[in-house]
Every structure is written in C-alpha cells, then in structure tokens.
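Note sheet for the following structure.
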Amino acid sequence: MNAKVKLSEIASLFLKLGIIGFGGPAAHIAMMQDEVVAKRKWFSEQHFLDLIGATNLIPGPNSTEMAIHIGYEKGGWKGLVVAGLCFISPAVLITAFFAWAYKAYGQTPAVQPFIYGIKPAIIAIIIAAVFPLAKKSMKTVTLAVIGLLVLIGSLLHYYEIYLLFGAGFVGLFLKYWNDNRSLKGNSILPLIALPNFATPLLAGSNAKLFWIFLKIGAILYGSGYVLFAFLDTELVATGLLTRQQLIDAIAIGQFTPGPVFSSVTFIGYQINDWTGAIVATIGIFLPSFVFVALLNPLVNKMRNSVLFGAFLDAVNVASVAIILSVCWSMGADSIMDWKTLLVAILSILALFAYKKINSALVVVGGSLLGYLLTLL
C-alpha cells in the first residue's frame, strides 16, 4: 500500500474531489476514505485513521491537510504539492468567480435550488464512510467509552482540540498505567521548529493581508465557523471588511465545493481585487503544506511506539466521534422536511446496497432529486 502512483492519477482524483466536495471537512474526508481506502486500496483503514487523528492535532483545514498527506505518501514532494493544489483550485476558482460577480453586480448567482438535495446526500456519504472507521477505531471497550465521552462533549460544543488532546492523553495514561512501563527512546516526538517565512515582495496593503491570513492559517483549530470568528476580529473590527461582506463570504463558503477556507479568496478580492484574492489564498493555505510536510514522517513513528500508539488510538476514536457530531449537526440543519429526509434515506440505501457506487453520483443524484422535489 506504500507503492507510489502516477502524479496524473493523484491530480485527477483530487481535482474530482475538489469539484464534487460539498458539505465541509467531514464530507471531504468521507469521500477520500471511499476513494483511497475502499476503491483504490492505497491505504489500510488503520493508516487512514492515523492520518485523520494526526491531522486533527495540527492547525489548518483538515480535509485539505488530508489531501496533502495522501499526495505526499503516494507521490512524494511532488504528490504533496499536486494533491493540495488540485483539491484547493476548483473551490478557489469558483469562489473567485463569485467574488467578481458580487463586486460587479452586488449579488451572487441563485444556486439554492441545486444545493437543496446535496446536503442530505452528503449526510449519507459521511455515515457510509464513518461506519467502517468507527468499527476499526473502537478496538477496546475503553476506546469505545472514550469515543462516547468525546461525542457527548462535542455535541455540548466543547472546543474540539481540547477533546482530541484530552482523549489522547487519557489513552496514553491508561496504557502506561496498565503496562507499567517507561517511555522508550523512540516514543519521544522530536520538537521541530517551523521554518521562518521570508517576507514576500508585496505592496503594503497586500503584505498586511498576506500576514493576516498566514497567521490565521498557522494557528486556527476548529471548523470554518471558527475561521469566520477570526476574520471578524482581524478584518471587520479593523475596518478592512464590512460585516455584510463577511456574511456573504460565509454563504459562498457553504454552497461552493471544496474547503471552506476558499472563502478567503472572496474576501481578499473584496479588499484588493485579484492581487488581494491571490495573496489571501496563498497565506491561508501555505501553513497546511508546511505542517503536513513536517508531521507526515512522524505518523509511523507514533504508531510504532507503544505509548504514542495508544495516544493515537484514543485521538482516532475521538476524531470519529467528532465527525459523527458534525454529521448530527449537519443533519439538524439540512434535513428540514419530508423531501430532504427522502433524499437522505435514498442516498443511504444506495451507498449501503451498492458499496462500489461513486460518491460523485450520490452528490449529483441528490442535487437533481432535490431540485425536482423543489418543483412540487
């Protein structure tokens, strides 16, 4: 499963996922699991789970970082860059178009009828993907209890990074307590200093914009909604952006595919046209490439260490619990009537009855069925 693949295959996979990837990080990761574990057999379920757990421990957009992890392991440094750029690019280009239309005409295209059925279909995709991951992650009764407690904590809106690290340290402590053994030399993770970024040769306003988004990309944990809280503090409160523009950016982030962080392309364009869009986009995503490049070689070392393996197992089950919590919240928001419930049920039946069905077909089918149902 460690064999390298052609860059063209990595590119085509993540371009497709970037185009059909509606629904946020949980949905994106579910689609990746379907493609690289179930269909292509590039990774075992355990290694894919380890990547999810490790990714949740670093700042930045989780699904983008998962794409970068996959690209790095299957195509080296070139794969890292290709996977990341191909996954990000569709969302960035679509958002850039909406940013231009918004600034030129004061509104965005009416797309609500077409996404009416996508959201419940996405719920089905997440459920189908998380089912085998949940079975794999709950190796013991202790891990199942940790997962249940994290799920409850997530539903009660406790900060997810506290839940993840808390679960990890509980798992580590219990393993140490049960085995009564000392840490081995290879169990200690090395401290790695992040490289200093050279100041880009940018105009004054764009340099400020770049550093704002670079800072956010380097320290942000949590969902896209946490991102918008940061943006409100950094941009709205300082007068660089109006609150209405931020609200419209949030809306665009919800109905475009790919990572919600692509909303910053829209924001950058509103502040300083195309150059603002470019530097904002580079700034927000650049830390993810750096973090993954530093973290990926450590994942196998963590798995091979007895104690850090226990830490990773607990983080993995916590990650699955948080995905389930996100799925519950999405369901509460998107399944509003019998029509959306019908789309969700039919999508779930299709995914469990035909395990090789492409998630892209489920997305397209949900969109078309939802659109037809809105005509009734």
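Each label was represented as a point 7 Å from its Cα along the Cα-to-Cβ direction; for Ala237 and Ile282 these points are 2.8 nm apart.
Taking a ≥ b ≥ c as the square roots of the Cα gyration tensor eigenvalues, the stretch 1-88 comes out rounded, since a/c falls below 1.5.
Here, the stretch 269-319 is characterised by an Rg to Rh ratio of 1.31, where Rg is the alpha-carbon radius of gyration and Rh the Kirkwood radius. Under 10 Å, Cα contacts only: if you run a Gaussian network model on the chain, which one of Ala321, Ala134, Ala67 comes out with the highest mean-square fluctuation? Taking springs between Cα atoms under 10 Å, the residue moving most is Ala134. Diffusion coefficient (Stokes-Einstein, Kirkwood radius over C-alpha pairs, 20 °C, 1.002 mPa s) for the chain: 101 µm²/s, rounded to a whole number. Between Lys41 and Lys103, residue separation times 0.36 nm minus the direct Cα-Cα distance comes to 17.9 nm. Pairs over the 30 Å Cα-Cα cut-off, from the set Lys41/Lys139; Lys16/Lys136; Lys136/Lys339; Lys103/Lys208; Lys175/Lys215; Lys119/Lys301: Lys136/Lys339; Lys175/Lys215; Lys119/Lys301. Roughly to the nearest percent, how much of the accessible area of the chain is carbon and sulfur, given a 1.4 Å probe? Result for the chain: 68 percent of the exposed heavy-atom area is carbon or sulfur.
Rounded to the nearest 20, the Cβ-based charge dipole of the chain about its Cα centre (Lys and Arg +1, Asp and Glu -1) stands at 920 debye. Within the listed set Gly153, Gly84, Gly53, the residue fluctuating most in the Gaussian network model of the chain (springs between alpha-carbon atoms under 10 angstrom) is Gly153. Distant-in-sequence amide contacts of Leu220, defined by a placed amide H-H separation under 5 Å and a gap of 5 or more residues or a different chain, comprise Gly60.
Once the C-beta distance of Lys208 and Trp77 is scaled by a Förster radius of 35 Å, the resulting FRET efficiency is 0.70 to the nearest 0.05.
Computed with every protein chain present, the accessible area of Lys301 is close to 120 Å² [probe 1.4 Å].
Determine the shape class of the stretch 6-49: with a ≥ b ≥ c the square roots of the Cα gyration tensor eigenvalues, call it rounded for a/c under 1.5, and otherwise prolate if a/b is greater than b/c, oblate otherwise. Note, shape of the stretch 6-49 comes out oblate. At an R0 of 56 angstrom, the distance between the Cβ atoms of Asp273 and Ile152 translates into a FRET efficiency of 0.75. Rg/Rh for the stretch 222-376 stands at 1.05; both radii use Cα atoms, and Rh follows the Kirkwood definition. Probing with 1.4 Å while keeping every protein chain in the model, the per residue accessible area of the chain equals 46 Å².
The values are calculated or read from the model by the stated rules, or taken from the named source; none is laboratory data. Remember, predicted model here, so these are calculated numbers, not experimental data. All Cβ positions, glycine included, derive from the backbone under ideal geometry; neighbour counts span all protein chains shown. The area values use the complete protein model at the heavy-atom level, side chains included, leaving out ligands, DNA and RNA. Shrake-Rupley method; radii C 1.70, N 1.55, O 1.52, S 1.80 Å.
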